[in-house]
Amino acid sequence: MACPDGKAERAVDIPDHKPAKKALVIVTQDRNFVKTDVNEQVAIRSKLYSAYPYFEAALASRAERYMDQRKQLFELEEEGRVLVLEPPEPVEVKVNEKSGEALLSLYLTGRQVALERLEEIKSFIE
């Protein structure tokens, strides 16, 4: 993108907002979901990323960090600072799902959750 003076625009991080006091968070797994490191361990054992030791270390701790973040999220929800929308039951759709029917079903489930909690959402964000 060009600036008015014709020079290339530089990426600059200038905060122009205040941090949110509340947040509506939509999670893609039900509340009881526990992430395992099976996929990450397969990638590490394959030596695919052996030239990138920091990336391998990040992969090795990914599941633990994910679960820590979920714990923090639900603590914020208990404090009333976050409203969490989540699937009512475990999600069976895979990351690389190709079935349009399965994806549509998941979408409709999420939409139904939002509609059921619409009044709660409205009062939370006001």
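Table for the structure above
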read-out: Rel. contact order, % - alpha carbon contacts under 8 angstrom, at least six apart, the chain; value: 31 percent
read-out: Residue of LEU103, LEU85, LEU76 that the Gaussian network model of the chain assigns the largest fluctuation, springs spanning Cα pairs under 10 Å; value: LEU103
read-out: Among the listed pairs LYS71/LYS98; LYS21/LYS122; LYS47/LYS98, those beyond 20 Å (Cα-Cα); value: LYS71/LYS98; LYS47/LYS98
read-out: Proxy reagent accessibility, fewest Cβ within 10 Å first, across ILE26, ILE44; value: ILE26, ILE44
read-out: GNM flexibility winner over the chain from VAL95, VAL38, VAL84 (Cα, springs under 10 Å); value: VAL95
read-out: (i) 1.13; (ii) 1.08; (iii) 1.21, with the label sought being that of the calculated Rg/Rh (Cα atoms, Kirkwood Rh); value: (ii)
read-out: Within the chain, helix-based [θ] at 222 nm, where runs of 4 or more DSSP H residues each add -39,500 (n - 2.57), nearest 500; value: -14000 deg cm²/dmol
read-out: For VAL91, distant residues with modelled amide H under 5 Å away; value: ASP30
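We did not get these values from a lab; they are worked out from the coordinates using the rules stated. Being a predicted model, the structure only gives us computed values, none of them experimental. With ideal geometry, Cβ positions are generated from the backbone for all residues, glycine too; neighbour counts draw on all protein chains shown.
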